[in-house]
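What follows is a set of notes on a single structure, which appears directly below.
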Amino acid sequence: MKRRFLNIALSVSLIVSVAAFFFLADKAFGDELEDLIKERTTTMYLEGQKLGDLILGARARLDFLFVDDSLLRAARTSGMTPDWLKWHLGHFGDPQIRGKDLFVLRYEAYKPWDFDPFKIVVNGKNLTEEDILTKLIRISTGSLSPNTVDSLAFAVPKAKDGVYNITYESDRIEIDVKKIKREN
């Protein structure tokens with residue numbers, strides 16, 4: 001009887017230990033993915049005025065995420081990859097983007113906003129249908145109501161200096177991919 005109790009106790013202990021390991025490993029991979037997403041994302045607030053750490057009066061937020069091998073590896077091993085990102089990571093390695101860099105744009109309207117993805121200019125060149133990898137019928141465009149959130153993937157030729165100047169109408173950001181930590 002004591003032996004049977006000992007076997008059950010050891011089995012339960014082993015199961016709890018394995019579950020704890022996978023829970024902590026999943027959390028660690030999730031934290032790594034979250035860190036990689038943060039360091040590869042540059043945000044543009046349309047028509048927003050910066051006041052300290054606050055952004056006031058913005059019509060929309062555009063988050064441009066630079067996708068590289070490190071982000072892809074972390075997303076594959078993480079059990080916490082957001083669905084919107086999983087969807088777009090499928091474009092990575094596609095022959096259509098050979099010689100180009102992949103970006104995912106996640107956008108949210110704060111006020112009524114007329115979104116046109118062809119108004120996005122990267123290094124002086126407007127995005128074209130060939131640059132946008134997400135099917136246009138799958139993304140929210142045109143007159144968007146507040147709280148509309150969507151995303152799209154696009155690929156642009158690699159910048160020789162690693163710097164991408166992105167504008168949407170009169171708002172502008174710069175993404176320097178050389179500053180992003182890379183794992184080799």
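The values are calculated or read from the model by the stated rules, or taken from the named source; none is laboratory data. Please read these numbers as outputs of a predicted model, since none were measured by experiment. Please note: Cβ atoms are built from the backbone with ideal geometry, for glycine as well, and neighbour counts cover all protein chains shown. Each accessible area value is taken on the protein alone, full model and side chains, heavy atoms only, with ligands, DNA and RNA left out. Shrake-Rupley method; radii C 1.70, N 1.55, O 1.52, S 1.80 Å.
Residues in segment 138-153 carry Karplus couplings, in order, of 8, 10, 7, 9, x, 6, 9, 8, x, 6, 6, 10, 7, 8, 8, 10 Hz; the curve used is 6.51 cos²θ - 1.76 cosθ + 1.60 with θ = phi - 60°, and Gly or Pro positions show x. Over all other residues within a Cβ to Cβ distance under 14 Å of ARG59, the charged ones net out to -3, with Lys and Arg as +1 and Asp and Glu as -1.
Where a ≥ b ≥ c are the square roots of the eigenvalues of the C-alpha gyration tensor, would you call segment 31-181 rounded, which needs a/c under 1.5, or, failing that, prolate if a/b is larger than b/c, or oblate? Walk me through the numbers on the way to the answer.
Details: a/c = 1.36, a/b = 1.28, b/c = 1.06.
Judged from the Cα gyration tensor, segment 31-181 comes out rounded (a/c under 1.5).
Just the protein heavy atoms count here, and of the accessible area of segment 31-181 at 1.4 Å, carbon and sulfur take up 49 percent. Compared with the direct C-alpha span, the chain from GLU39 to GLU169 gains 44.3 nm at full extension, assuming 0.36 nm per residue. Between ARG138 and LEU51, the FRET efficiency estimated from the beta carbon spacing at R0 = 41 angstrom works out to 0.70. For TYR164, nonlocal amide neighbours, meaning residues 5 or more places apart or on other chains whose placed amide H falls under 5 Å from its own, are ILE175, ASP176, VAL177. The distance from the alpha carbon centre of segment 125-161 to that of segment 90-124 is 4 Å, rounded to a whole number.
Karplus-based coupling profile of segment 73-78, in residue order and whole Hz: 4, 5, 5, 5, 8, 8, with θ = phi - 60° in 6.51 cos²θ - 1.76 cosθ + 1.60 and x standing for Gly or Pro.
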